[in-house]
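Participant: Take this structure, written in structure tokens, and hold onto it; I'll ask about it next.
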Amino acid sequence: MTSVAYLPILIQIILAAGLAGFIVGFSHLMGERTKKKTAITDTPYECGVVGEGVVHTRFSVKFYVTVMLFILFDIEVVFLIPWSFIYRDFLANHITILSPIMFFLGVLVLGLFYEVKKGALDWEK
């Protein structure tokens, strides 16, 4: 393979680095800066209103459990979508693909029942 084959990739890398450098440089040149640091300039605010109270609130563990369950079942969809696209091709070639995916779905459904039984989805606890 010649080095000419890598030329489009090199051009894309140069353009991406150049655009990133331009954006950072332009932001630095045109950005608003405060010369004097005060207590108000160092605090976060939203919509121009100075924040009050605790800056870092604690999240409940339930929030993290729900996020982990969402990621788990989101990964399930990531595996099911390509399977649904190739299912017809496997049937045309007489390749059995239904039993492995049913086993996969069965394990996930058992996991969902286990989570419901343990109360992982109950918000009132």
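Read-outs: derived from the displayed coordinates by stated rules, not from any lab. Just so you know, these numbers come straight off a predicted model, no measurement behind them. We place every Cβ from the backbone using ideal geometry, glycine too, and count neighbours over all the protein chains shown.
Participant: When the convex hull of the Cα atoms of segment 58-122 is projected onto a plane and the area is averaged over all directions, what value comes out in nm²? Let's see the in-between values first.
Facilitator: On the way: hull surface 19.7 nm².
Projected over every direction and averaged, the Cα hull of segment 58-122 covers 4.9 nm².
Participant: Going by how many other beta carbons lie within 10 Å of each one, how would you line up PHE104, PHE85, fewest first?
Facilitator: Details: PHE104 14, PHE85 9.
By the 10 Å Cβ count, ascending, the order reads PHE85, PHE104.
Participant: Given the Cα-Cα distance of ASN93 and ASP122 and 0.36 nm per residue of separation, how much length would full extension add, in nm?
Facilitator: On the way: separation 29, 0.36 × 29 = 10.44 nm, distance 4.55 nm.
Length gained between ASN93 and ASP122: 5.9 nm.
Participant: Multiply the residue separation of GLU115 and PHE79 by 0.36 nm, subtract the distance between their alpha-carbon atoms, and state the gained length in nm to one decimal. Display every interim value, and only then the final one.
Facilitator: On the way: separation 36, 0.36 × 36 = 12.96 nm, distance 2.08 nm.
Result for the pair: 10.9 nm of gain on full extension.
Participant: Right, here's the next one. Measure off 7 Å from each Cα along the Cα-to-Cβ vector at THR57 and HIS28, then give the distance between these two points in nanometres to one decimal.
Facilitator: In this crude spin-label approximation the distance works out to 3.8 nm.
Participant: Label points 7 Å out from Cα along the Cβ direction at MET102 and LEU72: separation in nm?
Facilitator: Inter-label distance under the simple model: 2.4 nm.
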